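Student: Here it is, the structure, as structure tokens.
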Amino acid sequence: MVPTVLVVDDSPTVRKIIQMTLQREHIRVVTAGDGLSALTSVADETPALILLDIQLPRMDGYHICQIIRKNLQFRQIPIIMLSGKDGLFDKMRGKLSGSTEYLTKPFDSAELIQTVKKHLANWQERVPVQYENTRPRLRYRG
Amino acid sequence: MEQQDRIMDGDLQTLGLQSILKMLALSGKTGKLYVYSGPETLSVGLRKGQIVGLHEEGVPQPDLLAMLCLINRLDPARAEMIRELAQGDMQVTLAMLVERGWMTASEMQRRLEFAVTQCISHALRWVNGHFEFHRQLLPMDSKLRPLDIDSVLLEALRQADEWEEIAKEEVTHLTRTTVARWQPEVSKDVRSMGLNAESIEVLCLSNGELPLQAISLALMMPEARVAHIMTRLAELNLIEVVDTAFEDVLRQDLADRIVRSQNALARRKRGSSPVQYLHGLLIILADCINELLVHHGKHARIFRGRGHISSVEIMRYLARRFAPSLQPLSNQYPILETTNFSHGQLDCNDILTLDKVVKGQQLEEFYWEAVQGLHAFVHMLFAELLHDEVGSSSTGRQLTAAWRLFLFEFDQEVQQYQTYRAQRAARVARDRNATQPSPTGLAQNRTAVPQADGGSFWSSEKRRSI
């Protein structure tokens, strides 16, 4: 069984390159180009890790992160924020919204692989909370 | 696997695979034999001492349909139809080909038998390892006709001996997982080179994706024979062995450079005027070109296997290789004549500092011409360097896909400017018409066109920021 990583970024180039890089490491990658598709993918795929850009159409990364952290079923999923903003304030904001780690763009492949692998080390042990006869739902009250 | 089902186990050093199979055949056993050696695992299904199934763990099933298409044995449209229905199962694929009359039943049997022989031949060469035999019921849906172990062993041993022989004589250093691809510079007709049909088929399948083992399976030709032919094709400089470790480094380096360029595109400050907008695009293009040149200086085919190369030689090579490609573009976009190769980089400084020489509309026109020219150059540069570095391979295709997406993002930015230009041209035309009396007497609507300074066009909603 291979872990699934959800990549959320509005740039198709970044999505493709991350996909290409992680697939070489035998990691399954699903992608989303905006905030709402990202939440749908989280519910459908239950990824082992999320790589989340901050500046996204329809809903920003901070907001997505907060929604996921409030959901019992998905709150344990590590979220790595990807952003071109490397100021202390942005990193703090990312941390406060519940991100696990913060990667500054442009990242290099080796750094990305290392960070992803670090957080996937025990992904199989993280058993999500299961609700009988219910499809996992993420509610957005924006 | 239940513990009580395991009726026999041991080390391959004590009892070789050949002896184990013979023993199971003689005693007419039914069950599954698992053989482990390092990361490899082979499972052989037996019914009454005959082989009825075989599976190699962790070895991806080769895309037989694609291979048959490559050697002109199957029409790609038919292959696509079967692929959708079979979903990667080789036995189902073969059965469907037979069902539709695109393959004979006897060929299907031969293919299945060949696959079994090939795997056992490989496993016979395992010296260290472990085996287990489990007594368990086997599914009956196998398309494979039960195979007599003695005849399979005989053929498998013959194939294993062939490998041993070519390895001993050092005819080849290839292994069953070796992937080879066509040399990018080969353009001559291979039929005129005196290659036989077998060699041409191996050449067709050496597409940078298929391992030697898969080629052997597609052609039903022993692996040692395929290795022999591949070695000969490599000597003729028709194919090259793919160095996967090197390609990983190359792919990572190029991917990182594309990410950097994309990031620069997303983060650049958008000026309020078209001139500033174009200037921003020019900086991105110039940086992107130079990133690609640095990459090619490190990974060009010409420098491989030569150890340390002096930077002077790299710079000379880059100028020699790419300056001629810039020449025809300079005829189309004369502004590019102000660029030149210096220290292995494309020096665009004269273009980027044009604002010190010209202003206003003329500066904008120069910048626009430069954006178009450099865009055409970067397009050509990427295609040429990728062709040189990885030729036709999966790495090349993946990088091309990522690069196209980057160009798409870049083109979206260019389109914004093109829309502005078109609107401005329309406004100018309307202004010209407005000076003459309107024949229809209708009033002109000017509310939707941008202002002359372009200020209203570059609205905050259109700007993307990180």
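Student: How far is it, in nm, from the label point at B:ARG100 to the one at B:ARG135 when both lie 7 Å from their Cα along the line to the Cβ?
Tutor: 4.5 nm
Student: For the protein assembly as shown, give the magnitude of the charge dipole about the Cα centre (Cβ charges: +1 Lys/Arg, -1 Asp/Glu; no others), in debye to the nearest 20.
Tutor: Dipole size: approximately 2260 debye.
Student: Please give the FRET efficiency for B:VAL294 paired with B:ILE71, using the beta carbon to beta carbon distance and R0 = 45 Å, rounded to the nearest 0.05. List each step's numbers first, then the result.
Tutor: Values: r = 40 Å, r/R0 = 0.90.
The pair B:VAL294/B:ILE71 has a calculated efficiency of 0.65.
Student: Rounded to the nearest 0.05, what FRET efficiency is calculated for B:LEU15 and B:ALA197 with R0 set to 60 Å and r the Cβ-Cβ distance?
Tutor: Efficiency, from the Cβ-Cβ distance: 0.90.
Student: Could you compute how fast the stretch B:223-310 diffuses translationally, taking Rh as the Kirkwood radius over C-alpha pairs and applying Stokes-Einstein at 20 °C with viscosity 1.002 mPa s? Give it in µm² per second. Write down the numbers at each step before the final one.
Tutor: Details: Rh = 16.4 Å.
The diffusion coefficient I find is 131 µm²/s.
Student: Still on this model: Compute the acute angle (0 to 90°) between the alpha-carbon long axis of helix B:223-235 and the principal axis of greatest extent of the alpha-carbon atoms of chain B; round to the nearest 10°.
Tutor: 40 degrees
Student: What net charge do the residues around B:TYR317 carry, taking every other residue with its C-beta under 15 Å from that of B:TYR317, with Lys and Arg at +1 and Asp and Glu at -1? Walk me through the intermediate numbers first.
Tutor: Values: positive: B:LYS298, B:ARG301, B:ARG304, B:ARG306, B:ARG316, B:ARG320, B:ARG321; negative: B:GLU313, B:GLU384, B:ASP388, B:GLU389.
Value of the local net charge: +3.
Student: Okay, next question. Please state the relative contact order of chain B as a whole percent: Cα pairs under 8 Å, 6+ residues apart? Before the final figure, lay out each step's value.
Tutor: On the way: 533 pairs, mean separation 63.1, N = 466.
Relative contact order of chain B: 14 percent.
Student: Rg (Å, one decimal) plus Dmax (Å, integer) for the alpha carbons of chain B?
Tutor: When restricted to Cα atoms, chain B yields Rg and Dmax of 31.5, 107 Å.
Student: At a temperature of 20 °C and a viscosity of 1.002 mPa s, determine how fast the stretch B:179-241 diffuses translationally according to Stokes-Einstein, using the Kirkwood radius over alpha-carbon pairs as Rh; express D in µm²/s, rounded to the nearest whole number. Mind dumping the intermediate values first?
Tutor: Numbers: Rh = 11.4 Å.
Translational diffusion coefficient: 187 µm²/s.
Student: While we're here: What percent does the relative contact order of chain A come to when contacts are Cα pairs within less than 8 Å and at least six residues apart?
Tutor: Values: 217 pairs, mean separation 32.8, N = 142.
Value for chain A: 23 percent.
Student: Over the stretch B:179-241, calculate the relative contact order: mean separation of alpha carbon pairs under 8 Å at least 6 apart, over the residue count, as a percent. Don't skip to the end; give the middle numbers.
Tutor: Working: 65 pairs, mean separation 30.3, N = 63.
Averaging sequence separation for qualifying contacts and normalising by length gives 48 percent for the stretch B:179-241.
Student: Can you compute the equivalent ellipsoid semi-axes for the stretch B:49-122, i.e. the square root of 5 times each eigenvalue of the Cα gyration tensor, sorted largest first and rounded to whole Å? Provide the component values of the computation, followed by the final result.
Tutor: Values: eigenvalues 96, 39, 26 Å².
Ellipsoid half-lengths, sorted descending, are 22, 14, 11 Å.
Student: Right, here's the next one. Can you tell me the 0 to 90 degree angle between the C-alpha axis of helix B:17-26 and the longest principal axis of chain B, rounded to 10?
Tutor: The answer is roughly 50 degrees.
Student: Also, quick follow-up: Would you mind pulling out the separation of the Cα centroids of the stretch B:84-102 and the stretch B:311-389, in Å?
Tutor: Using only Cα atoms to place each centre, the spacing works out to 52 Å.
Student: Which of rounded, prolate or oblate describes the stretch B:12-137 when judged by the alpha-carbon gyration tensor and an a/c cut-off of 1.5? Don't skip to the answer; put the middle values down first.
Tutor: Details: a/c = 2.66, a/b = 2.01, b/c = 1.32.
Prolate, because a/c is 1.5 or more and a/b exceeds b/c.
Student: Quick one: if you stick a label point 7 Å off each Cα along the C-beta vector at B:SER325 and B:GLU57, how many nm between them?
Tutor: My value for the distance between the label points is 4.7 nm.
Student: So, one more: Subtracting the Cα-Cα distance from 0.36 nm times the residue separation, let me have the gained length for A:PHE89 to A:GLU111 in nm, one decimal. Kindly include the intermediate steps, with their values, before the conclusion.
Tutor: Values: separation 22, 0.36 × 22 = 7.92 nm, distance 2.22 nm.
Once the chain is fully extended between A:PHE89 and A:GLU111, it gains 5.7 nm.
Student: With each run of n ≥ 4 DSSP H residues scored as -39500 (n - 2.57), what mean residue ellipticity at 222 nm is computed for the protein assembly as shown after dividing by its residue count and rounding to the nearest 500 deg cm²/dmol? Provide the component values of the computation, followed by the final result.
Tutor: Working: 20 runs with 310 residues, N = 608.
So the calculated ellipticity at 222 nm is -17000 deg cm²/dmol.
Student: Be a star and scan the stretch B:13-46 for residues whose amide nitrogen sits under 12 Å from the point 7 Å along the Cα-to-Cβ vector of B:ARG6.
Tutor: B:34-36
Student: A further question on this structure: Per residue, how big is the convex hull of the stretch B:379-418 when only Cα atoms are used? Give it in Å³. Intermediate results must be reported in sequence, preceding the final value.
Tutor: Values: hull volume 2.1 nm³, N = 40.
Per residue, the Cα convex hull of the stretch B:379-418 comes to 52 Å³.
Student: Now for a different question. Any idea what angle helix B:311-332 forms with the longest principal axis of chain B, computed on alpha-carbon atoms, 0 to 90 degrees, nearest 10?
Tutor: 60 degrees
Student: Sum up the charges of everything whose Cβ sits under 13 Å from the Cβ of A:PRO12, counting Lys and Arg as +1 and Asp and Glu as -1, but leave A:PRO12 out. All intermediate terms of the calculation are to be shown ahead of the outcome.
Tutor: On the way: positive: A:ARG15, A:LYS16, B:ARG404; negative: A:ASP9, A:ASP10, A:ASP34, A:ASP53, B:GLU409, B:ASP411.
Here the charged neighbours net out to -3.
Student: Moving on. Nearest 20 debye, what's the magnitude of the dipole of the stretch B:179-241 about its Cα centre given +1 on Lys and Arg Cβ and -1 on Asp and Glu Cβ? Could you put the intermediate results ahead of the total?
Tutor: On the way: 5 positive and 8 negative charges, 19 e Å.
Here the stretch B:179-241 has a charge dipole of around 100 debye.
Student: Then there is this: Report the dimensions of the stretch B:244-435 along its three principal axes from the alpha-carbon atoms, largest first, rounded to Å.
Tutor: That works out to 71, 31, 27 Å along the principal axes.
Student: Gap in Å between the Cα centre of the stretch B:211-240 and the Cα centre of the stretch B:31-78?
Tutor: Measuring centre to centre over Cα atoms gives 19 Å.
Student: Can you tell me the Rg and the Dmax, both Å, for the Cα atoms in the stretch A:4-119?
Tutor: Final numbers for Rg and Dmax: 12.6, 35 Å.
Student: Continuing with the same structure: What is the P(r) of the protein assembly as shown, as percent of Cα-Cα pairs per 10 Å bin from 0?
Tutor: Once binned at 10 Å, the Cα pair distances of the protein assembly as shown give 3, 13, 18, 20, 20, 14, 8, 3, 1, 0, 0.
Student: Please compare each pair in A:LYS105/B:LYS356; A:LYS85/A:LYS118; A:LYS85/A:LYS117; A:LYS16/A:LYS70 to a cut-off of 25 Å on the Cα-Cα distance and tell me which ones are over it.
Tutor: Values: A:LYS105/B:LYS356 33 Å; A:LYS85/A:LYS118 23 Å; A:LYS85/A:LYS117 23 Å; A:LYS16/A:LYS70 29 Å.
Exceeds cut-off: A:LYS105/B:LYS356; A:LYS16/A:LYS70.
Student: Would you list which lysines come within 17 Å of B:LYS22, measuring only between C-alpha atoms, while excluding same-chain residues fewer than 8 positions from it?
Tutor: Result set, ordered by chain and number: B:LYS32, B:LYS48.
Student: Sticking with the crude label model, points 7 Å out along Cα→Cβ, report the distance from A:ASP60 to B:SER273 in nm, one decimal please.
Tutor: So the label points at A:ASP60 and B:SER273 sit 3.1 nm apart.
Coordinate-derived values only; no laboratory data. Remember, predicted model here, so these are calculated numbers, not experimental data. Ideal geometry is used to build each Cβ from the backbone, glycine not excepted, and the neighbour counts take in all protein chains shown.
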